[in-house]
Amino acid sequence: MIHHAHRKSVLLIITALALFLLNNCRMNTETGNQTASSNPSKPSPSDALSIHRRAISIDMHADTTQRMYVEGLDINERLPDGHLDAVRMREGGLDAQFFSIWVNPEIYGDGGQVAVRSADDQIRSVHELVKKHPDTWELASSAADIRRIVSGGKLAALMGLEGGYALDERLENVEKYYKLGVRYLSVTWSVSTKWAGSSGDSVGQSRGLNDFGRQVISEMNRLGVMVDVSHVSDRTFWDIVNTSTKPIIATHSNCRAIANVPRNLTDEMIQAIAKSGGVVCVVFFPEFLEPGWSQKRQQVDAQIVPLLRKASDAEAGDAAHKKVARDRVRIAEYARRLPPVTVSRIADHIDHIVKLVGIDHVGVGSDFDGIQAVPSDLSSVAQLPNLTVELLRRGYSEEDIDKILGGNILRVMEEVERH
């Protein structure tokens, strides 16, 4: 896995110290020697960076597609705000990104074809990114694709459909989106569909999968589309467990035992995902990381209602543009009013999962560009190595890091791809 360390280690060095560290990583890779800290519990910065860059790193969920589709931004360039672009991916050693194809439930309520067009347009934006910047990006549809693309020095672009709204309750649309490159489907977002319950609304608490929902899961298994349980209600979760014959993933979920919110997973759920052979990918949003942060956020939300309304009213665009305007207000106000959370808390959730089910069932799903607050020391993809530093400090090995950053997901993809 050291074949792409040289390529990554020469990019965008902005300080003399960074140059020294990265050159050290490159020398160690070229001579075939791995840097080893004399004290594994306190790895040096060069050790951590070298280990991080040797791994194939995969982020299972980012909403950056909305920035491309709604805001018309070119993420091949360094952006002045937000969490993710190609430049910062290189800096942070992220090799492969699953772009979320997210349909606003307000659109879903307006009619299925509107939701379908929204999803199709977002998928087109990912394809256009790859077409416009072939020297940087390549579309991946399998684990083998990811390995090949990363080995060739490029970034891998993948897609997941967040929420089943764009299926328009037609089973054939599962195959349609598979052929367009979608490789996982989050059964719901924060609003329930007629065929599956969400953790984000009152309806979802009593709603599981209906017959159509079970057909969707079976069709995903047949085609090789990973089943994502992030956002589903507890009842829907267990219906999926009892229906799917392939490994189940949670692309951006944490542990309810630490942060008790409906979006997180109970220990029993984590164990069920592991039993299926799947992976839980930890998310970076403080609400799902820090105990009590959710209640504080709700208090802030109540206080900033006038600001949100003003921002939404001032935006002349459609529902998606109005959401962007409201989120800008939330980003500013959350940063000002809510307590900071650090990467250490992400590691706490990883620790919990590992102690519960082992190292083979944990990954990373940042939710970058879809969240309005981030850890203070992991504020963009460029700071992803800070997570590796923290995990090494806690005693995780290089093999462990490889699995957490991407190896476990590659294994699941390979298993789901088998027919």
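The values are calculated or read from the model by the stated rules, or taken from the named source; none is laboratory data. What you see is a predicted model; the values in this text were computed from it and never measured. Reconstructed Cβ throughout: ideal geometry from the backbone, glycine too, with neighbour counts over all protein chains shown.
Observations, loosely collected:
- The listed residues are Arg336, Arg297, Arg328, Arg309, and the only one of them that is more than 24 Å from Cys255 (Cβ to Cβ) and in contact with a helix residue (DSSP H, G or I) (Cβ under 8 Å, 6 or more places away or on another chain) turns out to be Arg328.
- Filter result for Val341 (under 19 Å from Ala373 (Cβ atoms), crowded, with 20+ Cβ neighbours inside 10 Å and in contact with a His (Cβ under 6 Å, 6 or more places away or on another chain)): no
- Yes/no for Ala143 being crowded, with 18+ Cβ neighbours inside 10 Å, over 20 Å from Ser244 (Cβ atoms), under 18 Å from the mean Cα position of the chain (by Cα) and among the hydrophobic types (A, V, I, L, M, F, W, C): no
- Residue match in the range 399-418 (condition: small (Gly, Ala, Ser), surrounded by fewer than 24 Cβ atoms within 10 Å (Cβ to Cβ) and part of a loop (DSSP other than H, G, I, E, B)): no
- Criterion violated by Asp377 - all others in (1) in a helix (DSSP H, G or I); (2) surrounded by fewer than 21 Cβ atoms within 10 Å (Cβ to Cβ) satisfied: (1)
Condition check ((1) modelled with pLDDT of 95 or more; (2) of a type outside the set (Gly, Ala, Ser)) across all residues:
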position	(1), (2)
Ala143	yes, no
Leu161	yes, yes
Gly164	no, no
Lys176	yes, yes
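- Check on Ala156, crowded, with 23+ Cβ neighbours inside 10 Å and either touching a Pro at 6+ places or on another chain (Cβ under 8 Å) or under 27 Å from Ala250 (Cβ atoms) (or both): yes
- From the options Asp402, Asp369, Asp360, residue that is within 13 Å of the chain's Cα centre (by Cα) and either under 23 Å from Gly278 (Cβ atoms) or at pLDDT 95 or above (or both): Asp369
- Only listed residue being touching a helix residue (DSSP H, G or I) at 6+ places or on another chain (Cβ under 6 Å), of a type outside the set (S, T, N, Q) and surrounded by fewer than 21 Cβ atoms within 10 Å (Cβ to Cβ), chosen from Val174, Val191, Val130, Val103: Val191
- Residue in the range 310-324 that is of a type in the set (A, V, I, L, M, F, W, C), outside any helix (DSSP H, G or I) and free of Cβ contacts under 8 Å to residues at least 24 places away in the same chain present: yes
- Matching residues, the range 376-399, being closer than 30 Å to Lys275 by Cβ, within 17 Å of the chain's Cα centre (by Cα) and of a type outside the set (A, V, I, L, M): Thr388
- Applying the criterion of at least 2 residues that are not hydrophobic (A, V, I, L, M, F, W, C) to the strands (runs of 3 or more DSSP E) found wholly in the range 50-150 leaves 58-62, 96-102.
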